[in-house]
Number of protein chains: 2
Amino acid sequence: MEKTKVAIIGLGTVGSGVARLLLDFGDRTARHAGRTLWLEKVVVRDLKRARDCDLPEGVLTDQLADVIDDPEIKVVAQLIGGLEPARTIMLQLLESGKDVVTANKALVAVHGPEIFDRARELGRSVAFEASVAGGIPIIANIGQCLSANQIQTLHGILNGTSNFILSKMHEDGAAYDEVVAEAQRLGYAEADPAMDVDGTDAAQKLAILAHLGFGARVDWDDIPRTGIDTLDLADVRYAQKMGYRIKLLAVAQLVDEGIELHVSPTLVKAGRPLAEVGGPFNAIRVEADAVGQLLFYGPGAGQMPTASAVVADMIDTAVGRTAITFRTLELWSNRQARVGPADYAHARGRFYLRATVDDSPGVLAQITKALGEQEISIASVLQHEPESEGQPVQLVIMTHETTAGAMM
Amino acid sequence: MEKTKVAIIGLGTVGSGVARLLLDFGDRTARHAGRTLWLEKVVVRDLKRARDCDLPEGVLTDQLADVIDDPEIKVVAQLIGGLEPARTIMLQLLESGKDVVTANKALVAVHGPEIFDRARELGRSVAFEASVAGGIPIIANIGQCLSANQIQTLHGILNGTSNFILSKMHEDGAAYDEVVAEAQRLGYAEADPAMDVDGTDAAQKLAILAHLGFGARVDWDDIPRTGIDTLDLADVRYAQKMGYRIKLLAVAQLVDEGIELHVSPTLVKAGRPLAEVGGPFNAIRVEADAVGQLLFYGPGAGQMPTASAVVADMIDTAVGRTAITFRTLELWSNRQARVGPADYAHARGRFYLRATVDDSPGVLAQITKALGEQEISIASVLQHEPESEGQPVQLVIMTHETTAGAMM
């Protein structure tokens, strides 16, 4: 059987999973690729660190040159996180003639244009299935399986940490800080979970999907975003009372003006498929003009789900499918974007508003007047009696459809 | 821009949808394929029949030779239903050097081995995404995106007609015959719905997925199957009372012995994702060793969803991805099957049993004794008082886990 030599850069959680799939299940990948994917080198920074996988003699190295200088290594899984040295190594690999697979969403979202352009100039390819929604093959589905469609909307639960935290708050009625601590204990949240809970991670993934699904050229940092770190347990409870669940949704929507993008905690009617996505899972609902509505659900992170996506990309690259897809899709190309950004202020939707107000006459009148001046019509109001006299009260308002601009 | 000439055989519902996507949205397919898919010919039996799509002058023909003899036509969507002349035309197209795309599940399930072998000998390819689950790209997902995995189980709602009927019975409490008539009015069921409601359609699709996902070589007709035509509204009601929904599930499961396959009306706990798949929709839950659990949900039939899958296959074929996949997957090859069939009698599960029995002493004792003799343990029993004395009564039993053989 033919053999394609491959390498891994970075032996963290995902890297170890990829190595395990290649080494322990080599017959399987060979059967699906029609050739052996031979793990020739694994590059790490520190040779002495303990690893949770056994590599054959001579595979582990701390010299990137062992990969760069070996023309027989054709496919490299670049599994270092962060922007640098990941970006530099990515470019070095492409320059040396390798096709590259990556799981690094920040790298693709931030340096995608530069990296993809360079790959194209060099006649190389970059595959990045694992960068969005972990084990869910959303990149292949949008980039390839739905190619007869114009995608109209994407609604994604793309951050597993946020979804785990929200699910726990809903189910156990536990406070935000408590649940974050539990998520950290269980390994669902980083020691510093800021990027997960403030919407950064979801916005970077959304930017990648917007490039892929709409031909938009969007800087992830321009995507309006609100994280779940703005929520109180009270919001979760009020939402539940009204028959909703709060989900951190990343939304892309084609409108007359262009493409509307945002990441926001969103009230989803209980019973709707996205409302029922619990724990650290991800899901993406796609609406497209020919196929209608599709939903993809699965693990959005984790060692083996992510490794599954990386190895699928390595197989696709080794057999030549990635090269074709990469060439035809013209991702992040310098061509004119097919669609420009729409002003988020014009985005239409219903809004949830919670205010802590003085329990004094005229307060509700003032608020409703302010809303009325923006032509925001109120669908429902919830206000309970104060716990004791003189205490401030919680006022919860659900609006009818209006624009984000009016609400701001 | 480069041009690939394509043709369609059969201008029924799906054929018209495919023609529309190619003609009205040619820029889109060109963008996703990096080349124009040029609709050169559409072959029909009767030129005089009214069509619901406008074709350019000179495209419509009743001569298959116009396609066969034109070496410039590279990709053909063969969209005739049934086994013959579909099979003969399929082989003629392959012999004349065309790569073929089909939506004909019966043809693939019955003549797959012959057609795929011949295509391989001739260096041609066959793509069949639209043959299973309509607009859900399950063939690409299993055959390509999950290639780093060993799939362990597939649970599919693969027949939209049955699912529509069951959903209606659940929601409206309407009787089976009534709902079938409504499904026929709405176009969700054929004039003769036998193949849909007796499990044939789902078994043929399951056979295709079993080949693809497990490397099994299975004759669809050997798959044990029970249709929804065996159900009464009473069953739907009892299931509901116990907190379940009845779904027609097609199940493939890897066990020590081999692969267990069956199609059966199944009680799925309310709230589980598959229980919530309503109307004519399809869904497939996949469990695989690396990725864990994935769920795919979408339209299982219909003109444009099916056309979406066919055109995606035509693009994949035109750009060369299909050829690679077809070669590496060795579908229906003459090689030894990787896994043999397991005896359905050994399949483990819990069973629902409804009996209409005389309201006389000792009846329940007799039934429970018979179950006991097969070592079938009872989880719950439901028996209401008879409507009037001397009337037979309905006895509903849910068993604990046992084997299909013991139940039979």
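The values are calculated or read from the model by the stated rules, or taken from the named source; none is laboratory data. These figures come from a predicted structure and were not determined experimentally. Note that we place each Cβ from the backbone using ideal geometry, even for glycine, and neighbour counts take in every protein chain shown.
Tabulated results
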item: Residue that is of a type in the set (A, V, I, L, M, F, W, C) and at pLDDT 95 or above, where the choices are B:310, B:255; result: B:310
item: Restricting region B:268-300 to residues that are buried (at least 22 other Cβ atoms within 10 Å of the Cβ) and more than 13 Å from residue B:138 (Cα to Cα), the residue that is farthest from the other protein chains (Cβ to nearest Cβ); result: B:280
item: Residue in region A:301-323 that is charged (D, E, K, R), outside the structural domain of residue A:9 (by TED's automatic domain parsing) and farther than 19 Å from residue B:277 by Cα present; result: no
item: The lone exception for residue B:126 - which of (1) touching a residue at least 12 places away in the same chain (Cβ under 8 Å); (2) farther than 26 Å from residue A:144 by Cα it fails; result: (2)
item: Matching option when the condition is of a type outside the set (Val, Ile, Thr) and surrounded by 15 or more Cβ atoms within 10 Å (Cβ to Cβ), among A:391, A:374, A:366, A:383; result: A:383
item: Meets criteria (in a loop (DSSP other than H, G, I, E, B) and at pLDDT 95 or above) for residue B:133; result: yes
item: Qualifying residue in region A:352-365 (condition: under 21 Å from residue A:244 (Cβ atoms), among the hydrophobic types (A, V, I, L, M, F, W, C) and modelled with pLDDT of 90 or more); result: yes
item: Residue B:153 being under 18 Å from the mean Cα position of the chain (by Cα), of a type in the set (Ser, Thr, Tyr) and either under 14 Å from residue B:209 (Cα atoms) or within 12 Å of chain A (Cβ to nearest Cβ) (or both); result: yes
item: Among the candidates B:318, B:252, residue that is surrounded by 19 or more Cβ atoms within 10 Å (Cβ to Cβ), of a type in the set (A, V, I, L, M, F, W, C) and within 12 Å of another protein chain (Cβ to nearest Cβ); result: B:318
item: Qualifying positions in region B:368-390 - of a type in the set (Ser, Thr, Tyr), part of a helix (DSSP H, G or I) and farther than 21 Å from residue B:242 by Cβ; result: none
item: Residue tally, condition touching a residue at least 24 places away in the same chain (Cβ under 8 Å) and outside any strand (DSSP E or B), over region B:341-367; result: 13
item: Qualifying positions in region B:32-64 - crowded, with 16+ Cβ neighbours inside 10 Å and not in a strand (DSSP E or B); result: B:32, B:33, B:34, B:35, B:44, B:55, B:59, B:64
item: Single match in A:186, A:209, A:166 (criterion: assigned by TED's automatic domain parsing to the domain that holds residue A:274, touching a strand residue (DSSP E or B) at 6+ places or on another chain (Cβ under 8 Å), farther than 25 Å from residue A:127 by Cβ and hydrophobic (A, V, I, L, M, F, W, C)); result: A:166
item: Identity of the residue in region A:117-130, surrounded by 24 or more Cβ atoms within 10 Å (Cβ to Cβ) and in a helix (DSSP H, G or I), that ends up nearest to the other protein chains (Cβ to nearest Cβ); result: A:129
item: Filter pass, residue A:192 being within 21 Å of residue A:263 (Cβ to Cβ), part of a loop (DSSP other than H, G, I, E, B) and either at pLDDT below 90 or touching an Asp or Glu at 6+ places or on another chain (Cβ under 9 Å) (or both); result: yes
item: Options A:41, A:48; residue that is in the same structural domain as residue A:313 (by TED's automatic domain parsing) and at pLDDT below 95; result: A:48
item: Filtered residue count, region A:4-18, keeping only those that are part of a helix (DSSP H, G or I) and either surrounded by fewer than 24 Cβ atoms within 10 Å (Cβ to Cβ) or not assigned by TED's automatic domain parsing to the domain that holds residue A:82 (or both); result: 2
item: Residues that are assigned to a helix (DSSP H, G or I), touching a helix residue (DSSP H, G or I) at 6+ places or on another chain (Cβ under 7 Å) and within 14 Å of another protein chain (Cβ to nearest Cβ), drawn from region B:156-169; result: none
item: Residues that are at pLDDT 95 or above and charged (D, E, K, R), drawn from region A:56-83; result: A:62, A:66, A:69, A:70, A:72, A:74
